[in-house]
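Here's the structure, in structure tokens; my notes come after.
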Amino acid sequence: MILSKSAREAGIPLAEVAAYSTIFPMPRRSDEGFDTSEMLQHITAVQPGTLKLDRRFLPGISELTTLAEIIEVPDHKKTREASKHFVAFGQMLLTSKDEGETALHVALKPLDDSVLAHEYGVTNLIASGEVPYCNTFRPIGVARMYDGQAAMLTMYRHPVRSMDNILLNPELIDEQEIVDRALDRVGVTLATAHAGDLLLVDSVARNMVWDPSTKHSGNVFLVDFEEAGTTHQMTMDEARTRRIGDLTTFIASSYGLEKVGCELPEDFDVRLTAVMGEAYESRFRQIAGNAGIVTATDIASIVAQSPRLP
């Protein structure tokens with residue numbers, strides 16, 4: 001759906017650049033994590049005032065020059081108000097002589113080239129199905145603004161919300177069914193990532209987004225892979241320790257919301273274990289068996305040791 005005239009007038013123009021199509025390379029797993037050196041070469045080659053669109057995820061885009069207009073829609077930023085990278089949410093309008101006008105909901109995230117290479121590479125890996133059943137928003141391109149700043153573009157769904165925004169919303173936090181469904185989905189999602197040898201590292205609540213209006217449980221989409229790594233060369237004990245680290249980070253970030261006015265349910269500790277913990281253990285065992293598993297009992301111990309406001 002193309003942004004309405006009133007919405008376009010209310011939006012904030014971010015960029016108008018020439019767009020070309022390409023295929024960005026996948027990262028390689030290495031002893032140190034993910035090798036994104038080839039991706040970095042592609043990014044540094046993007047010239048100011050241009051956008052390289054990834055044909056892997058936008059197969060209908062022609063190889064001819066296209067004009068891309070990126071418009072921030074302020075209302076869409078409610079997805080992740082706590083974004084640390086000043087991510088802009090809105091629509092990208094692609095205009096070409098052959099295909100007319102195409103509108104896409106997008107997120108635009110400015111990053112340094114080397115960080116962008118890692119972030120795009122890991123996002124590309126997940127979106128391409130290399131971590132089975134794990135979900136993220138499709139990476140669709142890299143732009144370089146006229147001032148030289150590079151930015152990553154991903155597809156975006158409205159009205160998904162980050163987990164921190166769900167927990168901070170008084171109307172949602174009082175709905176036990178919604179909170180329990182959200183925690184269940186987080187447990188399933190973290191287990192799926194871990195069973196696929198993926199470590200998030202920055203596994204805070206704001207980096208997991210979900211649509212609470214879904215009729216069924218729905219999928220949690222993972223975002224922000226700047227620090228993401230892999231366990232594929234680790235020993236079983238080391239991998240398990242790192243998985244515990246991801247779970248600890250999520251739990252601590254949830255409790256940390258109390259410092260900014262979040263009123264978590266009194267039984268939130270119990271629900272973290274009973275809902276998220278059970279979902280995590282069940283999903284991990286289903287995919288990867290018992291080797292290196294973090295159990296619901298382990299997660300209960302993490303919860304018990306996590307700081308919470310009195």
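Every number in this text was worked out from the coordinates using simple rules, so none of it is lab data. Being a predicted model, the structure only gives us computed values, none of them experimental. We place every Cβ from the backbone using ideal geometry, glycine too, and count neighbours over all the protein chains shown.
Here the extension length gained between Ser30 and Glu16 equals 1.3 nm, from 0.36 nm per residue of separation less the Cα-Cα distance. Structural descriptor for the chain: relative contact order 16 percent, calculated from alpha carbon pairs under 8 angstrom and at least 6 residues apart. Among the GluC sites (Glu not before Pro) found in region 233-265, those both in a DSSP coil and sparsely packed, with 14 or fewer other Cβ atoms within 10 Å of their Cβ, are Glu263. Note on the chain: Kirkwood hydrodynamic radius from all Cα pairs is 20.3 Å, rounded to one decimal. Expressed to the nearest 5 percent, the antiparallel share of DSSP beta bridges inside the chain is 90 percent. As a proxy for reagent exposure, Ser30, Ser253 were ordered by neighbouring Cβ count within 10 angstrom, fewest first; the result is Ser30, Ser253. Here the sum of -39500 (n - 2.57) over DSSP H runs of 4 or more residues, divided by the residues of the chain, equals -10000 deg cm²/dmol at 222 nm, to the nearest 500.
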